[in-house]
Amino acid sequence: MTDKKFIYKLLAIATNFVWEALAAIIVGYFIGLGLDKLFNLDTIFVIIFMILGALAAIRNLMVRVYKLGAKKDENRDNLS
C-alpha cells in the first residue's frame with residue numbers, strides 16, 4: 001500500500017468519524033429526550049445517550065484505524 005493511498009484512507013476514516021459521531025450524538029439526544037419525557041425526568045437520559053453515542057463513534061474509529069494499520073503491516077510483511 002503506497003503512502004498516498006494510506007493517507008487517503010486515513011482521511012476518509014477521519015471524515016467518516018465526524019459524520020458518524022454527529023449522527024450518533026443526535027440520535028442519542030432524541031432517544032434520551034423521548035425517555036426523559038416518558039419518565040418525567042430532566043435531562044438524565046439525554047446526557048447518558050449522547051455520551052454512549054460519542055463512545056460508540058470513538059470505538060468504531062479505533063477499530064477502523066487498527067484494521068487499516070494491520071493491513072498496512074501485512075502488506076509490508078508480504079513485500080519482504
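Which one is right for this structure if percent of Cα pairs over 20 Å apart is calculated from it: (i) 26; (ii) 18; (iii) 49? Read-out from the structure maps to (iii). Sorting the segments 68-76, 42-50 by their mean number of nearby beta carbons within 10 angstrom, highest to lowest, gives 42-50, 68-76.
Spin-label model, LEU33/GLU74: points 7 Å from Cα along the beta carbon direction are separated by 4.2 nm. The gain in end-to-end length when the THR2 to ILE58 segment is fully stretched comes to 17.5 nm, 0.36 nm per residue minus the alpha carbon separation.
Determine ³J(HN,Hα), in whole Hz, for all residues of segment 10-22 in sequence, where each value follows from phi through the Karplus function 6.51 cos²θ - 1.76 cosθ + 1.60 and θ = phi - 60°; x replaces Gly and Pro. Residue by residue, segment 10-22 yields 4, 5, 5, 5, 5, 5, 4, 4, 4, 5, 5, 5, 4 Hz.
Values quoted throughout were computed directly from the atomic coordinates according to the rules given, and no laboratory measurement underlies them. The structure presented is a predicted model; accordingly, all values stated were derived computationally and were not measured. When we count neighbours, we look across all protein chains shown, and the Cβ atoms used for this are built from the backbone with ideal geometry, even at glycine.
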